[in-house]
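Below is one structure, written out as structure tokens; comments come after it.
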Amino acid sequence: MKLTILVHSAPYSSQAAYSAYRFTESALAAGHEIQRVFFYYDGVHASNGLSTPPQDEFDLVKAWQALIEKHELDAISCVSSALKRGIMDAREAHRYEKAAANLAEGFVLSGLGQLVDASLSCDRVVSFGA
Amino acid sequence: MSTLHIINKQLPAQGLSACLRVMRPGDAILLIEDGVYLCATEPIAALPDTVHCHVLQEDLQARGLALPVAADNCQMVNYTGFVTLVCSHSRSLGWC
């Protein structure tokens, strides 16, 4: 089946961010296709490349990046949610004249249309956190 | 059309009764994260036989809990079971 994963919550604030990762990992292991992972509201913190948890703690940003790379996942962070929270790619950093860009590699900034598009073309949408 | 109702927190009584009110035969409940605490509560125990309740084992164990003997209408699932539940229902609904 084609699944779309919607992530609303931030790592280290809510377990839901981790649950979304575990679910995605298990769905891929079971042979399902992930149509898109869409990070929305506080969920975009999962795409902050500057997130630096202590070495003995689980690094959710790195874990997502590894999963994205391995399975060539389409991982979208909502652009308006991300900009408000100080997460941006080089293009947005240039546009808003910011000193640096920090979007983690593997993630892409895009609009809500990407969630609508994925919802319409997949078999199931699963939402994590609120 | 069946729905998988995913509960990820200890919903207030009002929220839980709203969820139970819209349950239809063939629907199922999945308790995850802090929602696993609900497995021992009266409203879940009182669910009709037509409604299956599942509890995510990893989250139950992470809280030092085991499935209460009284919760004979609840079944443990792992993440693979979670994926199967999502696919075997027409849609999923998160009660956050």
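With respect to A:Asp89, determine if the residue is within 14 Å of another protein chain (Cβ to nearest Cβ) and surrounded by 15 or more Cβ atoms within 10 Å (Cβ to Cβ). Considered against the rule, which asks whether it is within 14 Å of another protein chain (Cβ to nearest Cβ) and surrounded by 15 or more Cβ atoms within 10 Å (Cβ to Cβ), A:Asp89 comes out as no.
Would a scan of segment A:109-119 turn up a residue that is within 14 Å of chain B (Cβ to nearest Cβ) and closer than 30 Å to B:Tyr79 by Cα? Scanning segment A:109-119, I find at least one residue that is within 14 Å of chain B (Cβ to nearest Cβ) and closer than 30 Å to B:Tyr79 by Cα, so the answer is yes.
List the helices (runs of 4 or more DSSP H) inside segment A:60-130, counting only whole elements, that have at least 2 residues being more than 18 Å from A:Glu25 (Cβ to Cβ).
Once the helices (runs of 4 or more DSSP H) in segment A:60-130 are filtered for at least 2 residues that are more than 18 Å from A:Glu25 (Cβ to Cβ), what remains is A:79-84, A:90-95, A:113-121.
Of all residues in segment A:33-42, those satisfying the criterion of being buried (at least 19 other Cβ atoms within 10 Å of the Cβ) and either facing another protein chain (nearest Cβ under 9 Å) or not in a helix (DSSP H, G or I) (or both) are A:Ile34, A:Gln35, A:Arg36, A:Val37, A:Phe38, A:Phe39, A:Tyr40. Among the residues of segment A:85-127, those identified as over 23 Å from A:Gln35 (Cα atoms) and either touching a residue at least 60 places away in the same chain (Cβ under 8 Å) or basic (Lys, Arg) (or both) are A:Arg85, A:Arg91, A:Arg95, A:Lys98. Within segment B:68-94, residues that are modelled with pLDDT of 95 or more have Cβ atoms under 8 Å from residues that are loosely packed, with under 13 Cβ neighbours inside 10 Å and in a helix (DSSP H, G or I) in these pairs: B:Thr80/A:Ala29, counting only partners at least 6 apart in sequence or on another chain.
The values are calculated or read from the model by the stated rules, or taken from the named source; none is laboratory data. Keep in mind the model is a prediction, meaning the values are calculated, not measured. For neighbour counting, all protein chains shown are included, and Cβ atoms are generated from backbone atoms with ideal geometry for every residue, glycine included.
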